[in-house]
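Visitor: Here it is, the structure, as structure tokens.
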Amino acid sequence: MLWQLFIVFFKVGLISFGGGYAVITLIQREVSDKGWIGNTEFQEIVSLAGMAPGSIATNTATLIGYSEAGIFGAIAATLGIILPSLMIVILIAAFFLRLQGNRWVRSSFYGLRPIVTGLIIYAAIHFGLSGRTESWLSWSMAGMLLICGGCLLLVMKYKVHPFGVILLSAIAGIVLF
């Protein structure tokens, strides 16, 4: 089991461009295909991982590893997800000074930006709607869209600190729901 945890999260770590939120759906697919975690439990783990300091992907891997194989499972999953990034960063650092002006390298990074954004938006929609039977026009969905739009406005236009926006969102959630 420890080896399986390491391999699954090593694969996830290899393709985790764009940070933790971009690979949440990949993690969910991998662990559900293995039958390790159900959908509801996965959502709870991701919620807890998002509240803890650090990368949400690493925290999610650690919690899944712990739930499946205890402390050694947590260590195996954590090592699996962070080792690819560590190896890639070391390789990039070794060659970056020579490659930073390369047109192909710059272009590839511009090509990765939209896919990362799309993956993050998909994860947000997937988690926002998961387990809900209401339609897009329900009061619940309207409230979530209102909070989302308000947060975007506060951060982009009024430059409110993200911590303040998180607190206001929590208060809005209490009031609306």
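Visitor: Within region 25-38, take every residue that is among the β-branched types (Val, Ile, Thr) and modelled with pLDDT of 90 or more and give me the one that is surrounded by the fewest Cβ atoms within 10 Å (Cβ to Cβ). I'd like the intermediate steps shown before the answer.
Guide: Start the filter on region 25-38 by keeping residues that are among the β-branched types (Val, Ile, Thr), which leaves 25, 27, 31, 37.
Those left that are additionally modelled with pLDDT of 90 or more: 27, 31, 37.
Working: Ile27: 26, Val31: 25, Ile37: 21.
Once the filter is applied, the top-ranked residue is Ile37.
Visitor: Note down all Cβ pairs under 8 Å where the first residue falls in region 107-126 and is at positive phi, the second is surrounded by 10 or more Cβ atoms within 10 Å (Cβ to Cβ) and assigned to a helix (DSSP H, G or I), and they're at least six residues apart or on different chains.
Guide: Close Cβ pairs (under 8 Å, with a partner that is surrounded by 10 or more Cβ atoms within 10 Å (Cβ to Cβ) and assigned to a helix (DSSP H, G or I)) do not exist here.
Visitor: Can you find even one residue in region 109-129 that is more than 29 Å from Phe6 (Cα to Cα), modelled with pLDDT under 80 and loosely packed, with under 11 Cβ neighbours inside 10 Å?
Guide: Checked region 109-129: no residue is more than 29 Å from Phe6 (Cα to Cα), modelled with pLDDT under 80 and loosely packed, with under 11 Cβ neighbours inside 10 Å.
Visitor: Tell me, yes or no, whether region 39-53 has at least one residue that is more than 16 Å from the chain's Cα centre (by Cα) and open to solvent by less than 40 Å² (accessible area, probe 1.4 Å).
Guide: So far as region 39-53 goes, no, none of its residues is more than 16 Å from the chain's Cα centre (by Cα) and open to solvent by less than 40 Å² (accessible area, probe 1.4 Å).
Visitor: Name the residue, out of Ile82, Ile90, Ile75, Ile64, that is loosely packed, with under 12 Cβ neighbours inside 10 Å, among the β-branched types (Val, Ile, Thr) and assigned to a helix (DSSP H, G or I).
Guide: Ile90
Visitor: Would you call Phe95 aromatic (Phe, Trp, Tyr), more than 23 Å from Leu48 (Cα to Cα), surrounded by 10 or more Cβ atoms within 10 Å (Cβ to Cβ) and at pLDDT 75 or above?
Guide: yes
The values are calculated or read from the model by the stated rules, or taken from the named source; none is laboratory data. No experiment lies behind these values; they were computed from the predicted model shown. Please note: Cβ atoms are built from the backbone with ideal geometry, for glycine as well, and neighbour counts cover all protein chains shown. Just the protein is used for accessible areas: all its heavy atoms, side chains included, with ligands, DNA and RNA removed. Shrake-Rupley method; radii C 1.70, N 1.55, O 1.52, S 1.80 Å.
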